[in-house]
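Encoded as structure tokens, the structure appears first; notes follow it.
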Amino acid sequence: MKSKRFWTVLFALVFLISILFQSRLPIAKGLGGFLAKRDPLEKCEVIFAPSSRIETNFAYAVHLLKEGWGDRLVVTTSRLAPLKKRFLETYGLTNCLEVSILRHVFQEEKLPMEKLAILKDSTSSFADCKLLQAHWEKRPFRSLIVVTDAPHARRFRIVLDKVFGDVDVKILSCPSFPDRPLEDFFADEEDYVMYVLSEYVKIVAYALKYGFGN
């Protein structure tokens, strides 16, 4: 009897796993929609682009700045960023420090350099937010547009809300290139599925580490 029950449970589990595996893409799309947090866009004092993926975050933040959605742009950088194809094709850059890329783009777009603040040496989303908070303490602002890749928007906003706490700053989330479907950010469906799953794992991990909701 026990043997029969064991094989019944095992068969049910295998069947369930098989169904979930076959449905992994639509499930990921459903879960992914929550990740792409997007607020109605309003004019704000500052546009913020965190250090990851400057070819999307920074590029779209520059676009918003040129369109008049913010008065100045604040970006964070990692210690060294590889040259992205987008910048090579558009600006003819050779491999160089991320800071040099950011400044060169500003010059090419004919934007005044005083509208750009570069916060250096970020190592994570939490570090991005702490650097921005430190910048706010020196140059306070009352409204902020956060530009980050759509699949990363929800987690980044959770971290930013935690870091800023009860500070009276209006924060709007604006995914980079918001009209693009979420899966278009990835080379194939499997990458998309794994990224969505990893984002949820990271949200839980960050909640446990930094105590979101406290």
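State which residue pairs qualify: first residue closer than 26 Å to residue 63 by Cα and among the polar types (S, T, N, Q) and inside segment 177-194, second residue surrounded by 16 or more Cβ atoms within 10 Å (Cβ to Cβ) and modelled with pLDDT under 70 in any location, beta carbons under 6 Å apart, and separation of 6 or more residues or different chains. Nothing qualifies.
The helices (runs of 4 or more DSSP H) found entirely in segment 1-105 that carry 3 or more residues being over 20 Å from the mean Cα position of the chain (by Cα) and either under 27 Å from residue 189 (Cα atoms) or at pLDDT 75 or above (or both) are 2-22, 24-35.
What number of residues within segment 118-147 satisfy the criterion of being within 20 Å of residue 205 (Cα to Cα) and either of a type in the set (Ser, Thr, Tyr) or assigned to a loop (DSSP other than H, G, I, E, B) (or both)? Spell out the reasoning first.
Start the filter on segment 118-147 by keeping residues that are within 20 Å of residue 205 (Cα to Cα), which leaves 122-130.
Narrowing the set further to residues that are either of a type in the set (Ser, Thr, Tyr) or assigned to a loop (DSSP other than H, G, I, E, B) (or both) leaves 122-125.
Counting residues in segment 118-147 that are within 20 Å of residue 205 (Cα to Cα) and either of a type in the set (Ser, Thr, Tyr) or assigned to a loop (DSSP other than H, G, I, E, B) (or both) gives 4.
Within segment 128-156, the residues that satisfy the criterion of being of a type in the set (Lys, Arg) and within 18 Å of residue 45 (Cα to Cα) are 138, 139, 142.
Screening residue 129 against (1) out of contact with any helix residue (DSSP H, G or I) (no Cβ under 6 Å at 6 or more places or on another chain); (2) modelled with pLDDT of 90 or more leaves a single unmet condition, (1). Within segment 179-188, can one find any residue that is within 22 Å of residue 39 (Cα to Cα), modelled with pLDDT of 85 or more and outside any helix (DSSP H, G or I)? The answer is no; no qualifying residue exists. Taking residue 117 as the residue in question, decide whether it is modelled with pLDDT under 90 and either among the aliphatic types (A, V, I, L, M) or under 28 Å from residue 197 (Cα atoms) (or both). So residue 117 does not fit the description; no.
The values are calculated or read from the model by the stated rules, or taken from the named source; none is laboratory data. In this text the structure is predicted, and so the values were computed from the model without any measurement. Every residue, glycine among them, receives a Cβ derived from its backbone with ideal geometry; neighbour counts consider all protein chains shown.
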